[in-house]
Structure formats: structure tokens, C-alpha cells
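Working notes, structure below.
What follows draws every value from the coordinates through simple rules; no lab data is involved. All of these numbers come straight from a predicted model, not from anything done at the bench. FYI the Cβ positions are ideal-geometry reconstructions off the backbone, even for glycines, and counts take in every protein chain you see.
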Amino acid sequence: MLDTLFPCAADVRRNEKIKLSPNMPVIDAADLPWSKFDGSPEIRRIMVKGIVKSNPTLARADTIVCNTFHAIESEVLALLPTAALAVGPLEAPRSTSASQLWPEDRACLVWLDAQPPGSVVYVAFGSFTVFDTARLQELADGLALTGRPFLWVVRPNFANGVDQGWLDKFRCRVGDTGLVVGWAPQQRVLSHPAVACFISHCGWNSTMEGVRHGVPFLCWPYFADQFLNQKYICDVWGTGLRIRANERGVFTKEEIRDKVNQLLADDTIRARALSLKRAACESITDGGSSHQDLLKLVNWK
């Protein structure tokens with residue numbers, strides 16, 4: 001199958017549909033993680049060869065520990081060659097920021113306290129996503145067009161060719177409507193009652209944090225598994241919408257504005273997000289599935 005879909009295990013040869021299990025979503029070959037790595041075909045070939053070599057070792061493991069919970073991924077967990085311990089959704093203690101790559105701007109929490117409940121669009125693209133100048137400008141203009149309060153994380157290396165001067169001009173333009181920070185305490189932001197939705201790259205940690213706090217997603221994946229995570233968010237769980245490029249491949253400011261408005265007007269998506277939040281909370285309480293699996297890990301011999 002691999003050789004048929006991917007010549008030299010890199011580029012997609014044809015857009016096949018793949019279904020690994022009756023209860024799992026149909027996957028486009030173009031969305032398989034190794035086809036979504038940036039870089040040259042040689043880099044993608046190396047990635048695929050690494051995956052093909054390492055995956056069989058899972059069968060030799062005593063157990064596999066996963067940051068997920070059974071209520072949302074039981075079908076996937078059942079396909080693993082070794083019984084897995086699903087101990088998620090994991091969260092870092094609030095008392096420490098030692099695991100963060102950049103200093104957190106906790107002043108954003110004070111700003112959130114001043115916003116109406118369910119009003120703020122939270123925007124963060126993780127640690128690795130890099131935008132070009134055109135894509136960054138469309139996102140900035142789209143956030144301004146919504147007319148809604150927003151909290152936007154723009155880490156130091158987020159965009160090529162963007163300096164402090166550009167950020168200062170944008171801050172002046174939006175005034176008190178928006179807040180731009182270098183890094184945010186994401187778990188505390190997502191749990192804040194002022195947050196209405198999460199524009200995200202759909203990295204798995206961010207996805208689990210959003211699910212844990214019942215926040216609807218606007219999905220804008222960047223690479224690797226993020227496209228499959230988007231599929232679960234939008235097509236399986238029904239807790240988000242895709243931000244789509246136009247026929248020229250541009251993610252326009254109008255698309256961003258319209259999708260924010262569509263998402264925040266959709267009570268069904270909001271209800272599903274809250275339902276997943278309840279399931280996530282149940283999994284980590286005493287006696288929940290993740291709590292039980294964590295105890296098995298602690299007592300592993």
C-alpha cells in the first residue's frame with residue numbers, strides 16, 4: 001500500500017481514501033502525517049523510513065502510554081499492537097512554568113478578567129508553526145474584521161520578516177479590542193470563562209487542552225498529524241470548523257472573519273464541546289478511565 005500511494009515513500013501518488021477501522025473516519029492519503037512534513041522529498045523519505053522502522057517496535061513494548069482518554073479514541077487504542085494506558089488529558093501544574101519555551105505573559109489573564117463571558121477569540125499556533133508575511137497579515141486583518149475581543153500569541157519566531165515595529169503598529173490599530181502577547185499560560189487561558197473559541201494549529205497537546213476545557217475550535221493545521229487531528233475535531237467530534245484556503249491557496253481575512261462568526265453562532269458545536277469536556281473530566285476523576293490507567297502505570301512492575 002505504501003509503495004502504491006507514495007513513490008519513494010514521499011509524495012502522494014493518488015488521493016486514495018483509507019479507513020483503518022469501521023469506527024474510524026476515512027482518511028485522505030494526502031493527510032497522512034508523513035506527507036505533511038515540510039522540506040524536500042528526501043526529508044520526507046527519511047521520515048517515512050523512520051516510521052516504518054520504529055512502528056514494529058511497539059509490539060515489543062510492555063505498554064504504551066498515551067495522552068488521550070478512552071471516550072474519544074477507543075477505536076484507535078484498540079488497534080495498537082500492545083495494550084495502551086490512556087492517561088489524558090494531561091495538564092501541567094499551574095504553579096510552574098518551567099516547561100515553557102518562552103516566558104508566559106500572565107498579564108493576559110487580567111485582561112481576560114475584564115472581557116465579557118464567552119466573547120474572546122483565542123489564537124495560538126504552538127511552538128513550531130511559522131507564517132509568512134502575507135499569511136500573517138491576513139490573520140491580523142481577519143481578527144480585526146471580527147470586531148470581537150481577541151488574545152493572540154505571537155511568539156518571537158512565529159513569522160518570517162515581522163519585527164517589533166509591525167506588532168506595535170497592529171497593537172495601535174486594534175487598541176483595547178485585541179491583546180498580542182509573546183507566550184500565554186494556555187491552560188489557564190482556555191479555562192477562562194471569557195474565552196469563546198480557539199483558533200489553533202491542532203497540535204495534539206493543544207487539542208487535548210481545548211477538549212479538556214470545552215472550547216470550540218477553528219482549525220488551521222500546519223504539518224504532520226495536525227491534519228488528522230483537524231479531521232477528528234471537525235468530522236468525528238463535531239467541535240470545530242476548518243479555516244479553508246481559497247482557489248489561490250490564500251487564507252483570506254474574510255474567511256477568518258466569517259468562520260469566527262459561524263462558529264460562535266453554532267449552539268450545536270458549543271454543546272458538543274461541553275459534552276466532550278464532561279467526558280474528559282470524568283476520565284480523570286477518581287475511578288475514571290484515565291485515573292485507573294494512571295494508577296496502573298504508577299503500580300507497573
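Return the FRET efficiency for the residue pair Ile51, Thr82: r is the Cβ-Cβ distance, R0 is 22 Å, and the value is rounded to the nearest 0.05.
Values: r = 17 Å, r/R0 = 0.77.
Step by step, r from the Cβ atoms, then E = 0.85.
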Could you give the distance between the Cα centres of region 240-269 and region 282-300, to the whole Å?
-> 38
Highest mean first, what order results for 242-250, 24-32 on Cβ atoms within 10 Å?
-> 24-32, 242-250
Could you put Arg135, Arg44 in order, starting from the residue whose Cβ has the fewest other Cβ atoms within 10 Å?
-> Arg135, Arg44
Glu42 versus Gln292, label points 7 Å from Cα toward the beta carbon: distance in nm?
-> 5.1
Average Cα contact separation per residue, the chain, under 8 Å, 6 or more apart, as relative contact order % | 20
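Give the shape of region 107-265 as rounded, prolate or oblate, defined through the alpha-carbon gyration tensor: a ≥ b ≥ c are the square roots of its eigenvalues, a/c under 1.5 means rounded, and otherwise the shape is prolate if a/b is larger than b/c and oblate if not.
Details: a/c = 1.37, a/b = 1.09, b/c = 1.26.
Rounded, because the longest to shortest axis ratio a/c is under 1.5.
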In debye to the nearest 20, how big a dipole does the chain give about its Cα centre with +1 on each Lys and Arg Cβ and -1 on each Asp and Glu Cβ?
-> 240
Roughly how many Å is it from the Cα centre of region 151-212 to that of region 57-87, as a whole number?
-> 32
Measure up Lys19/Lys231; Lys231/Lys277; Lys19/Lys296; Lys17/Lys231; Lys231/Lys259 against 22 Å on the Cα-Cα distance and list the ones that go over.
-> Lys19/Lys296
Starting with the highest mean, order 152-163, 118-129, 191-202 by the number of other Cβ atoms within 10 Å, averaged over the residues of each peptide.
-> 191-202, 118-129, 152-163
